[in-house]
Amino acid sequence: MDTATGVHAAWLPPEAFRALGSHRVLVRGDGPLAVTVYEEVARACVDYGGRVGRSPDAEAGPYDLVFALTGDVPALPAVVDVRAAAGAEPLGEEGFVFARVGGVCFVLADAAAGLLYGLFHVVRLGGSAFEGGDVPAAAHRPAMRTRMLDHWDNLEVHPVMGHVERGYAGGSVFWRDGGPRGDLPRVRAYARLLAATGINAVSVNNVNVHTAETHLLTDRLGDVAELADVFRPYGIRLHLSVNFASPVVLGALTTADPLDGEVRAWWAKAAAGVYQAIPDFGGFVVKADSEGQPGPFSYGRSHADGANMLAEALAPFGGEVHWRAFVYNHQQDWRDRSTDRARAAYDHFAPQDGEFAANVVLQVKHGPMDFQTREPVSPVIAAMPRTRLAVELQVTQEYTGQQRHVCYLAPMWSGVLGFRPWGDGGEARDVAALAADPAAGGGLVAVSNVGDDPYWTGHPLAQANLYAFGRLAWAPDSDPAALLDEWIDLTFGALPSGDPAPLRSTLHAVMDGSWQTYERYTAPLGVGFMVRPGHHYGPDVDGYEYTPWGTYHYADRDGIGVDRTRATGTGYTGQYPQPWSEVYESAERCPDELLLFFHHVPYGHVLHSGTTVIQHIYDTHFAGALEAEAMRSRWAELAGGGLVDAALHTRVAERLDEQVRCAQEWRDQVNAYFLRKSGVPDAHGRHIP
């Protein structure tokens with residue numbers, strides 16, 4: 001544990017700075033971010049015997065590593081040559097150049113934020129940054145302008161959702177008992193961890209804004225400003241989730257109608273007050289007209305009307321509105337098969353393409369439902385070319401094991417970001433390119449998985465998801481396995497491990513395929529849910545089958561799945577462009593892993609794999625439970641070997657015990673349900689209770 005904060009150092013233990021701190025380093029540049037770079041290097045040099053300077057004077061002698069702004073040419077003539085070698089394209093506010101020339105490493109940037117990200121690039125490189133021959137100058141720029149984490153933290157403990165809604169790592173790192181938690185050193189440590197992955201924006205309160213959080217906008221704004229001061233030295237702008245009805249709740253107005261002059265004036269004044277307290281404030285996050293949250297529908301107005309009102313208030317200060325597209329009818333009649341929750345975001349928002357202000361970002365969940373283990377990519381992402389869109393992921397594992405199960409999500413996210421809505425033969429752009437488009441993109445956003453747990457994420461291995469999200473937001477084409485290696489090397493590389501190969505081998509064996517393992521022992525073939533209502537942990541095949549929430553599998557004695565075709569179903573397949581609208585329309589062409597999301601098929605339907613649907617259900621659930629046991633066994637091999645800290649090993653072992661138990665429960669409940677529903681026995685004669 002880190003001695004300063006009492007929590008796990010995650011991917012920034014002091015030893016990760018050994019190579020940097022044992023060399024002679026020059027740090028140039030002014031402003032808080034350049035000061036942060038200098039302080040980080042100075043701390044490392046104290047620990048490992050190096051030297052850091054701020055001025056390239058003759059008495060200081062030669063340097064091994066130089067951090068400098070590209071405008072620093074008079075003091076450092078070599079800067080111009082290194083910068084020129086990287087190409088003429090501007091680096092932007094956050095980009096940097098890395099090179100090694102004549103035994104000297106250079107990190108150059110047009111702005112101080114680039115120096116900060118260049119610092120953590122050197123940390124990731126470790127000793128290799130300083131070894132070998134020359135390294136050609138290469139520019140590193142973030143793909144996404146906004147790389148954001150949303151915290152669903154409540155100021156007060158909610159009677160149903162707790163301190164952090166869908167949080168599985170303890171209480172909030174920001175709030176406690178209705179006010180600030182006050183542990184600013186921990187918040188600083190968190191900001192540092194996020195900056196090291198490339199995160200540059202954080203929303204600090206729940207999108208379901210309750211009464212206490214509503215006051216953060218006005219009379220409790222000082223609490224937000226205090227957090228902003230801690231995040232600022234690491235290049236992270238704070239955002240605030242706001243209550244659309246704030247003019248009524250806080251301003252004593254009788255309406256929150258977005259076209260009402262008094263309402264608009266109220267928001268303009270509120271925004272001005274926020275920027276007076278936090279000049280670099282990022283903007284508002286809004287969940288409106290969804291799951292009971294207030295919004296413009298109450299006044300007969302559109303989402304564009306509501307979002308644009310807030311955008312107008314923020315525009316003079318450069319702020320943005322992140323308006324969430326998670327809007328659907330949560331009071332459905334399960335018997336009405338024409339109503340389809342998957343259709344909702346497209347139906348609500350696609351007709352309004354082009355109506356949103358330039359500083360509105362429509363925040364779209366990566367799938368059409370709700371962060372399921374397997375979903376198709378949301379058709380909204382391709383349907384609104386005249387609207388800025390941010391793709392929303394979920395790092396907190398609400399439907400993927402809740403940080404009690406190992407489930408490394410980077411492979412899933414990588415597939416989402418690389419999905420081409422128009423197919424390989426159509427437009428070349430993929431989801432990542434759409435989100436990163438400098439003219440129309442809104443970036444990548446995710447729901448954070450952090451709490452006040454000593455390991456930050458409850459399950460120590462769940463840290464890898466947070467790390468990978470930030471790195472994918474910076475470089476969406478990154479290899480998930482390589483990102484896992486980065487996280488392993490930073491987090492565990494300095495422990496008394498001797499040869500790191502066994503540790504790497506074990507962690508890859510446990511984590512590489514863990515998402516697919518989780519999928520195997522839970523809901524099959526993309527049908528989704530089958531979880532216990534409310535808390536969403538553990539199996540309940542019919543848990544949502546007869547509820548208003550619209551999350552059905554429609555299993556009967558003849559078959560299973562939701563008919564979302566244009567020919568006979570809800571028509572959802574028609575929301576996709578070609579070729580996917582035709583691929584998903586056809587049960588024969590639809591990918592196996594999404595078959596039941598799009599089609600109701602007989603249990604004897606033969607998959608592309610050659611097995612039937614019912615046999616696939618049996619086989620995968622037996623296999624998934626066995627794979628969970630194998631993961632536990634591999635981790636147990638590390639006990640007592642000095643490869644990982646004993647307390648961390650115990651925490652992971654306890655979580656793996658629970659994963660094995662829960663996987664067996666899923667196996668037994670799902671297999672028993674479908675044996676009884678279909679009447680078809682397991683072809684291999686295995687015991688099904």
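The values are calculated or read from the model by the stated rules, or taken from the named source; none is laboratory data. Because the structure is predicted, anything quoted here is derived from the model rather than measured. All Cβ positions, glycine included, derive from the backbone under ideal geometry; neighbour counts span all protein chains shown. To get the accessible areas, we keep the full protein, side chains included, count just its heavy atoms, and leave off ligands, DNA and RNA. Shrake-Rupley method; radii C 1.70, N 1.55, O 1.52, S 1.80 Å.
Largest accessible area first, the residues M144, M1 order themselves as M1, M144 under a 1.4 Å probe with ligands, DNA and RNA left out. Residue separation of S298 and L125 scaled by 0.36 nm, minus their Cα-Cα distance, works out to 56.9 nm of gained length.
Only protein heavy atoms count here; on that basis, with a 1.4 Å probe, I236 has an accessible area of about 0 Å². Once the gyration tensor of the Cα atoms in region 20-138 is diagonalised, the equivalent ellipsoid follows with semi-axes of 19, 16, 14 Å, ordered largest first. Distance between the pseudo-spin-label points of A509 and A350 (7 Å out from Cα toward the beta carbon): 4.7 nm.
Which whole-number percentage describes the relative contact order of region 62-174, with Cα contacts under 8 Å and a sequence gap of 6 or more? List each step's numbers first, then the result.
Details: 178 pairs, mean separation 26.9, N = 113.
So the answer I get is 24 percent.
When peptides 513-519, 569-575 are ranked by their average number of other Cβ atoms within 10 Å per residue, the highest-first order is 513-519, 569-575. Fully extending the segment from H210 to R386, taken as 0.36 nm per residue of separation minus the present Cα-Cα distance, adds 60.1 nm.
So what's the angle, to the nearest 10 degrees on a 0 to 90 scale, between helix 501-511 and the longest Cα principal axis of the chain? It works out to around 40 degrees.
Count Lys and Arg as plus one, Asp and Glu as minus one, and take only other residues whose Cβ is under 11 Å from that of A481; the net charge is then -3. Computed over protein heavy atoms with a 1.4 Å probe, the accessible surface of the chain works out to 35 Å² per residue.
Over region 238-300, with every protein chain in place, what whole percent of the accessible area is carbon and sulfur at 1.4 Å, could you tell me?
Details: 1200 of 2290 Å².
C and S atoms contribute 52 percent here.
Give me P(r) over region 360-487, computed from all C-alpha to C-alpha distances, binned every 10 Å, as integer percentages. Spelled out bin by bin, region 360-487 gives 13, 44, 32, 10, 1 percent.
Counting Lys and Arg as +1 and Asp and Glu as -1 over every other residue whose Cβ lies under 10 Å from the Cβ of G441, the net charge comes to +1.
Here the sum of -39500 (n - 2.57) over DSSP H runs of 4 or more residues, divided by the residues of the chain, equals -10500 deg cm²/dmol at 222 nm, to the nearest 500.
In this simple spin-label model, placing a label point 7 Å from the Cα along the Cα-to-Cβ direction at both D477 and V46 gives a separation of 4.2 nm. For E654, E588, the ranking by accessible surface with the largest value first comes to E588, E654, using a 1.4 Å probe. The accessible surface of region 566-646, taken with every protein chain in place and a 1.4 Å probe, is 57 percent carbon and sulfur. Built from the Cα atoms of region 179-302, the convex hull projects on average onto 8.0 nm², one quarter of its surface area. Among R43, R655, R100, the order of accessible area from largest down is R43, R655, R100, computed with a 1.4 Å probe on protein heavy atoms.
The candidate values are (i) 26.9, 94; (ii) 25.8, 85; (iii) 24.6, 72; the one derived from this structure for Rg and Dmax of the Cα atoms in Å carries the label (ii).
Mean separation of Cα pairs under 8 Å and 6+ residues apart, divided by the residue count of the chain: what relative contact order is that in percent?
Across the chain, relative contact order equals 11 percent.
Quick one: net charge around A432, please, counting Lys, Arg +1 and Asp, Glu -1 for every other residue with C-beta under 11 Å from its C-beta. Value of the local net charge: -1. Fully extending the segment from D424 to Q331, taken as 0.36 nm per residue of separation minus the present Cα-Cα distance, adds 29.6 nm. Take the convex hull of the alpha carbons in region 1-80; its mean projected area over all directions comes to 6.1 nm². The modelled label-to-label distance between A636 and D668, using points 7 Å beyond Cα along the C-beta direction, is 1.9 nm. When nucleic acids and ligands are ignored and a 1.4 Å probe is applied, S581 ends up with an accessible area of around 10 Å².
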